[in-house]
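So the structure is just underneath, and the comments pick up after that.
The values are calculated or read from the model by the stated rules, or taken from the named source; none is laboratory data. It should be emphasised that the depicted structure is a prediction, and the values quoted were computed from it without experimental measurement. Ideal geometry is used to build each Cβ from the backbone, glycine not excepted, and the neighbour counts take in all protein chains shown.
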Amino acid sequence: MVKSAEIRSILATDCGSTTTKAILIEKQGEEYRLVVRGEAPTTVEAPFEDVTRGVLNAVKEVEELRGRKILNGDTIMRPQKGDEGVDIYISTSSAGGGLQMMVAGVVKAMSAESAERAALGAGAIVMDVMASNDGRLPYQKISRIRHLRPDMILLSGGIDGGTITHVVEMAELIKVANPQPRLGMSYKLPVIYAGNKKAVGEIENNLKEQTDLSVVDNIRPVLERENLGPARDKIHDLFMEHVMAQAPGYKKLMAMTDAPIMPTPGAVGHIMQVIAKQENITVLGVDIGGATTDVFSVFRDLESREPVFNRTVSANLGMSYSVSNVLAEAGLPNILRWVPFEIDETELRNRIGNKMIRPTTIPQALEELKIEQAIAREALRLSFIQHKSFAVGLKGVQKERTISDAFEQSESGSTLVNMMDLDLMVGSGGVLSHAPRRHQAAKMMIDAFLPEGITQLAVDSIFMMPQLGVLADVHQKAATEVFDKDCLIRLGTCIAPVGSSKAGREYVTVKLTMPDGKTFSKSYKYGEMELIAAHYEPIKAEITPARGIDAGAGPGHPINTTIYGGVVGIFIDARGRRPFNLPDNPAERVKKLQEWSAAVAEFEPVKAD
């Protein structure tokens, strides 16, 4: 493969369940930039049953749009010679249903939860979490394993040197179940053991003959520490060797690429971790699709302050195929509270039902768009609640306390998600990336995630984060430059002080000094919102909250900092304590929603005086 310093062009694809997307990145001067993008239907199913056909079709579109030769028949020309070919080709994939796993541990809230974190972080869909204390009888667990037919199983449990009884019992259940792999019958099911190393001999006796057993370092070597890296790396390796190798055409695709193929969600998580580490920031990202919603985060550990990555998949919350699940889980009143016009409950329910029946339709009228965006707020909100409950400190850890620090130390199992500490929020998925106005994407994210303090907002322009995630392993400079300059559309910054007050009472004063020296200063009352147009450039901000209101430095303390505008601008959100309450009276609620919408130019540009 070409050395990193000599790479001039990069071709990357993402093989999704329905669409294969290809991007071409080229070195222009001293920086790497996205040049062109193409897409084609994924061809993993009949009649083609060869994923490379869709890849080549997408690359052909890139070739035509760029006006340069990349393909020689069915071969991607490498390395680049003159104006033909590319230096490297890489890919991610979630075609064929992605990576589907089961995880098992001894204690549901400890080793099993750690194993689930490892699997989700590697880009898997976790089908079930089994534990010795999950309340199911042995025959029920055996039946469940046989029924699900996962792509692989991750087994963990026990600290190193501790008791081995329970983890060996879990291995015996897997042995008796003898699960058959979902794709292909000609290979053994991969099982990864990442538990008490004292039990390795017993685990091998039970599982070595029936399964393709891999042993890695313990996920929880001691109660106070998680060690997820080795298990995640092994999941990626086995995904390549077993799962991908069985899917139609993937052996050909693996032979074509210059780096291992990564599961799409795992690649998205990887680029987020790279950016968070490189810029020393905390990041929250969401990808809302038709059937599922993925939430990714990098927050700091409650004790060590080290960055911790988490990913969750809300498999039943989406905007098309799962839209009725959003209705069932959120309830009609919660969706209705975001609809900024009077509508009968029966009609709203029918409109949501129509979307489920015809999942690929897009809104044709403004009313339909507003309803869809109301549903999106609830899907995002519910997915985020699930994420917060999963992104927690380690459970089961005993802590010594003194009277002086009893009120400062956080409980084991407390959520790591601290919205006041969040630096960057990134949205992606059709309803956010392709909203008719960027203002709508920003408003949906603010309403659903309720940022606190000062938070930058952005959306992924064309969902190229998966390709950049796998590229980060090959050429980090190219991946981060394209992420910053072409992938992210910087929407602006949200200033959201938090605290209770009364309607009409002064809440916060904001003074902004633009790079050209112009200043803006205004006091906001409790319950107000406003949008200040500002380009993506450094702006000096002085934020002075009222007594008892926290803008990030503590109740009543002012903040002097530098913020950035964007294609939308700077949002002042003075709606108060999270979550804020909307009026119960329908007419008052609609009036308030319309007032906030107009203040931030959500559906119509602000008219000049």
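Which members of the stretch 172-213 meet the condition of being of a type in the set (Ser, Thr, Tyr) and at pLDDT 95 or above? Matches in the stretch 172-213: 193 only. If the condition is being on the phi < 0 side of the Ramachandran plot and surrounded by fewer than 23 Cβ atoms within 10 Å (Cβ to Cβ), then the stretch 95-115 contributes 100, 107, 108, 109. Looking across the stretch 20-42, the residues that are over 22 Å from residue 477 (Cβ atoms) and either acidic (Asp, Glu) or assigned to a strand (DSSP E or B) (or both) come down to 20, 21, 38, 39, 40, 41.
When the residues of the stretch 503-562 are filtered to those that are part of a loop (DSSP other than H, G, I, E, B) and of a type in the set (Asp, Glu), the one that is farthest from residue 602 (Cα to Cα) is 516. Taken together, the residues in the stretch 553-573 that are more than 14 Å from residue 507 (Cα to Cα) and either of a type outside the set (Phe, Trp, Tyr) or out of contact with any Pro (no Cβ under 8 Å at 6 or more places or on another chain) (or both) amount to 14. Residue check: is residue 52 of a type in the set (S, T, N, Q), modelled with pLDDT under 95 and touching a Cys at 6+ places or on another chain (Cβ under 8 Å)? No, not satisfied. For residue 150, indicate whether it is assigned to a loop (DSSP other than H, G, I, E, B) and in contact with a Phe, Trp or Tyr (Cβ under 9 Å, 6 or more places away or on another chain). Considered against the rule, which asks whether it is assigned to a loop (DSSP other than H, G, I, E, B) and in contact with a Phe, Trp or Tyr (Cβ under 9 Å, 6 or more places away or on another chain), residue 150 comes out as no. In the set 474, 470, 498, 482, only one residue is surrounded by fewer than 23 Cβ atoms within 10 Å (Cβ to Cβ) and closer than 23 Å to residue 6 by Cα; that residue is 474. Would you call residue 169 crowded, with 21+ Cβ neighbours inside 10 Å and either modelled with pLDDT of 90 or more or not aliphatic (A, V, I, L, M) (or both)? No.
All conditions but one from (1) over 16 Å from the mean Cα position of the chain (by Cα); (2) of a type in the set (A, V, I, L, M, F, W, C); (3) modelled with pLDDT under 95; (4) crowded, with 19+ Cβ neighbours inside 10 Å apply to residue 431; the one that does not is (1). Checked against (1) of a type outside the set (A, V, I, L, M); (2) surrounded by 20 or more Cβ atoms within 10 Å (Cβ to Cβ); (3) in contact with a helix residue (DSSP H, G or I) (Cβ under 8 Å, 6 or more places away or on another chain), residue 359 meets all criteria but (2).
Pairing each residue of the stretch 298-322 that is of a type in the set (Phe, Trp, Tyr) with any residue that is at pLDDT below 90 and not in a strand (DSSP E or B), provided the two are 6+ apart or on different chains, yields C-beta distances under 8 Å for 299/391; 309/121; 321/290; 321/291; 321/356; 321/359. Return yes or no: is residue 511 more than 29 Å from residue 340 (Cα to Cα), under 31 Å from the mean Cα position of the chain (by Cα), in the same structural domain as residue 367 (by TED's automatic domain parsing) and in contact (Cβ under 8 Å) with a residue 12 or more places away in the chain? So residue 511 does not fit the description; no.
When residue 553 is tested against (1) on the phi < 0 side of the Ramachandran plot; (2) surrounded by 15 or more Cβ atoms within 10 Å (Cβ to Cβ); (3) in contact (Cβ under 8 Å) with a residue 24 or more places away in the chain, exactly one condition is not met: (3). Using the structure shown, decide if residue 240 is at negative phi and touching a Ser or Thr at 6+ places or on another chain (Cβ under 8 Å). Against the criterion (at negative phi and touching a Ser or Thr at 6+ places or on another chain (Cβ under 8 Å)), residue 240 does not qualify. Looking only at the stretch 514-532, which residues are touching a residue at least 24 places away in the same chain (Cβ under 8 Å) and out of contact with any strand residue (DSSP E or B) (no Cβ under 7 Å at 6 or more places or on another chain)? Hits for the stretch 514-532 are 527, 528.
So which residues in the stretch 189-246 are part of a helix (DSSP H, G or I), closer than 16 Å to residue 163 by Cα and not aliphatic (A, V, I, L, M), if there are any at all? Across the stretch 189-246, the qualifying residues are 197, 198, 201, 202.
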